[in-house]
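Only the coordinates and a few stated rules stand behind these numbers; no lab work does. These figures come from a predicted structure and were not determined experimentally. Glycine also receives a Cβ, built like all others from the backbone with ideal geometry; neighbour counts cover every protein chain displayed.
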Amino acid sequence: MSFNNLKKNMGMNGLKNIQNELEKLNKGNNNNSADDRYWKLTSDKSGVGAAIIRFLPESEGDSTPWILLYEHAFQGPGGWYIEKSLTTINGKDPVSEYNSELWNSGIDANKDIARKQKRNARYISNILVIKDPANPENEGKVFLFKYGKKIFDKIKGAMFPENDPVDQKDPMNPFCPWTGANFKLKSKRVDGYISYDSSEFSAQEALFDSDDSKIEALWKTQHKLSDLIDASQFKSYEQLKARLDKVIGLKTTAQTRTVESKPEAQSVRESISESAETKSDYTSSFSDDDISDDLDYLQALANEE
């Protein structure tokens, strides 16, 4: 795809293409801790943080300006399991199989464990950091940004605005450099967990005053998202199964597992206060929708085993 084709396919044409991809997701087509390609919002000890970013269009060779990645993050008696799910690339995944076994056992306790070990949807996009008060050296640079359902819902809301007879808004392609808009990302602590509900898009505004040469130069620095979900980026089924065996143990059947093995698997939300007792520098909490904000911390816990 050339830059000229990118520009031609932006606007309403680009919006339609992305809307089609969103509809596919809605129909069910549904560990970067040391990777400096990723940007993350910095918040203070109270959970408050703010920055302005711009979602960027699909990179050369990509079909959409985001990718969908499934991850698992939970704790068992043998430590943390923090891994990408092979279901992302339509493969068989040991956690999904294990959860199915637990669920189909008909035992309520097993079903609870399966819920806590559910896969979490994460989205990754290229962004331009417009304003980052906590880290001004990031401004003007392109990064990868991993985000959860709450932020993705705001993207969908911009593309499919509600039919409000009083305040009707036109559909917008927030990934378009010419007709898109900056995104004001805001975090705050609500009921003990980090929330991004106050985040919102600004008014539509072209990047670089629609200077195509600058937009093209920026576009050429973007990361190819499809490379992030290439099969080579995932551990094998056997590697994941070995890790799962260590974390939870699969030596008994689902019918007897809750009695004999008693794998008290915990969700991150439930176990974080316990982990924090041994990690005095850990101060933030998070919701299930935005668990990825603290995966780097949890990955460090897993690696210490």
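The slack in the chain from F160 to K111, taken as 0.36 nm per residue of separation less the alpha-carbon distance, amounts to 14.1 nm.
Applying 0.36 nm per residue to the separation of L68 and A217 and subtracting their alpha-carbon distance, the gain on full extension is 51.0 nm. Shape verdict for the stretch 78-139, please, from the Cα gyration tensor: rounded (a/c under 1.5), prolate (a/b greater than b/c) or oblate. Prolate, since a/c reaches 1.5 and a/b exceeds b/c. With neighbours defined as other Cβ atoms within 10 Å of a residue's Cβ, the residues E101, E60 order from fewest to most as E60, E101. Rounded to the nearest 20 debye, the dipole magnitude of the stretch 116-168 is 600 debye, with +1 charges on Lys and Arg beta carbons, -1 on Asp and Glu beta carbons, and the Cα centre as origin.
The simple Förster model, with R0 at 35 Å and r as the Cβ-Cβ distance, assigns K92 and V190 a FRET efficiency of 0.40. A simple charge model with +1 on the Cβ of Lys and Arg, -1 on the Cβ of Asp and Glu and nothing else charged puts the dipole of the stretch 158-227 at about 380 debye relative to its Cα centre.
Can you tell me how the stretch 33-125 classifies by the Cα gyration tensor, rounded, prolate or oblate, using a/c under 1.5 as the rounded cut?
oblate
In this simple spin-label approximation, D35 and Q168 carry label points 7 Å from Cα along the Cα→Cβ vector, and these lie 4.2 nm apart.
Here N104 and A134 are evaluated by their C-beta separation; at R0 = 41 Å the FRET efficiency comes out at 0.30. Put a dot 7 Å past the Cα of D245, heading toward its Cβ, do the same for D153, and the two dots end up 4.0 nm apart.
Sparsely packed loop sites in the stretch 209-242 (the trypsin sites (Lys or Arg not before Pro) outside DSSP H, G, I, E and B with at most 14 other Cβ atoms within 10 Å) comprise K220, K224, K235.
Hydrodynamic analysis of the stretch 101-172 uses the Kirkwood radius over alpha carbon pairs. Inserted into Stokes-Einstein at 25 °C and 0.890 mPa s, it gives a translational diffusion coefficient of 151 µm²/s.
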